[in-house]
1. Tally up the residues in the range 141-173 that are out of contact with any Cys (no Cβ under 6 Å at 6 or more places or on another chain) and part of a loop (DSSP other than H, G, I, E, B), please.
2. May I ask you to list pairs of residues, at least six apart or on different chains, whose Cβ atoms are under 6 Å apart, with the first in the range 296-310 being under 17 Å from Ala257 (Cα atoms) and β-branched (Val, Ile, Thr) and the second being crowded, with 21+ Cβ neighbours inside 10 Å and modelled with pLDDT of 95 or more?
3. Which numbered condition trips up Gly300, out of (1) of a type outside the set (A, V, I, L, M); (2) over 30 Å from Ala212 (Cβ atoms); (3) under 19 Å from the mean Cα position of the chain (by Cα)?
4. Ala277 fails exactly one of the following numbered conditions: (1) assigned to a helix (DSSP H, G or I); (2) under 22 Å from Trp241 (Cβ atoms); (3) among the aliphatic types (A, V, I, L, M). What is the number of that condition?
5. Can you name the residue in the range 186-202 that is more than 26 Å from Leu314 (Cβ to Cβ) and in a loop (DSSP other than H, G, I, E, B) and is also farthest from the chain's Cα centre (by Cα) among such residues?
6. Name every residue in the range 55-92 that is under 30 Å from Ala322 (Cβ atoms) and either among the aromatic types (Phe, Trp, Tyr) or surrounded by fewer than 17 Cβ atoms within 10 Å (Cβ to Cβ) (or both), in order of residue number.
7. Which of the residues that make up the range 296-311 are under 22 Å from Val91 (Cβ atoms), not aliphatic (A, V, I, L, M) and not in a loop (DSSP other than H, G, I, E, B)?
8. What tally of residues in the range 217-234 results from selecting those that are under 30 Å from Trp245 (Cα atoms) and either touching a residue at least 40 places away in the same chain (Cβ under 8 Å) or part of a helix (DSSP H, G or I) (or both)?
Amino acid sequence: MNGSKTSAGLMVLVGWLLGLAPGSCGAAPQWGVALEGNPITAVQLATVARSSVRAPQLVVFFQQWPEDPAIRDFPRASLEAIAAAGAEPVVTWEPMYYRRADGAETMVPVGQVLDRSYDGYLTAFAQSAAEWGRPIVIRLGHEMNLSRYHWGGTAAEYGPASPERFRAMWRHVVDIFRLAGAKNVRWAFCPNCESVPGPGNPAAALWNTARAYYPGDDYVDVVGMDGYNWGDTQTPAKNGWQSSWRSFADTFGGLQAVLRTLAPAKPIYVFETASAASGGDKAAWLGGLAATTRTWQLAGVVWFDANKEVDWRLTTGVAPGALAPLRAVFPPGR
């Protein structure tokens, strides 16, 4: 890493330790990308920088917990590659694993977290983070208000006890990092833009709100939101539901208002978003993203740059000029 990038990283760390944050006091918002794969490589980062709004200032990646708590899997290679590219890493840390016996996706039971079965793994991870020393954002158990992510229990157990289970697990993990002296880690509470099932569904789902999962101001440093514009890509016959075109402001407006009241002193990031190109005007959608970011004074926006359920890649379906409004709002460098 060259000297200028090292200095920039130190400035960010000092700012975080002093309680400052991007997006506050008139600071420009950060542009970021979310990438699949782990470790993240220099080639990936260079490729996405060429096709994105700017060289990313935030890079989100995903890591599961191990089935065996004795395993040590701190993602140093990804962190080093991201830092070398001049960006800040955001680890989406998922307390789940794919079971060795049959490959089944399995959430780590909250009982195994609270009874300290995973303390060795968590402590080693925290110590490695502290030793690494540079700023890291950890998005622990993201999108907890979706039944898809029934953190801490089985799918059948996803219900009124889920928020309390999530809060207890979150606080235990953060306490371990504090004991390890990992002051360079900041914790991002990041629900989905809609709760599914949620208050708009049968009364039995009234418990499932973003607010219900919040671990408390003392355990959260930044708040975030995830949400996508699926356009017309999803149909009942193929996907079990019908999607429709939704603007950036419509996608995030409800949750943004909740987070403003829930954590008024915390910076707000969009840690995952993207728009399909089918069903509407994607260029106009990007313009709306830029304008809304400025109006809401968001601290940063992260684009999910992958061809997955939909081709979410930023430049798919738009001319190069469509990125101009974004470049005006997200300046290069820090």
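1. Going through the range 141-173 one residue at a time, the tally reaches 16.
2. From the range 296-310, the pairs are Val301/Val270; Val301/Thr293.
3. Every condition holds for Gly300 apart from (2).
4. (1)
5. Across the range 186-202, the extreme among qualifying residues is Pro202.
6. Residues satisfying the conditions are Phe61, Phe62, Ala84.
7. Gly300, Trp303, Phe304, listed by residue number.
8. 12
The values are calculated or read from the model by the stated rules, or taken from the named source; none is laboratory data. What you are looking at is a predicted structure, and each value in this text was computed from that prediction instead of being measured. A quick note on method: Cβ atoms are made from the backbone with ideal geometry, for glycine too, and the neighbour counts reach across all protein chains shown.
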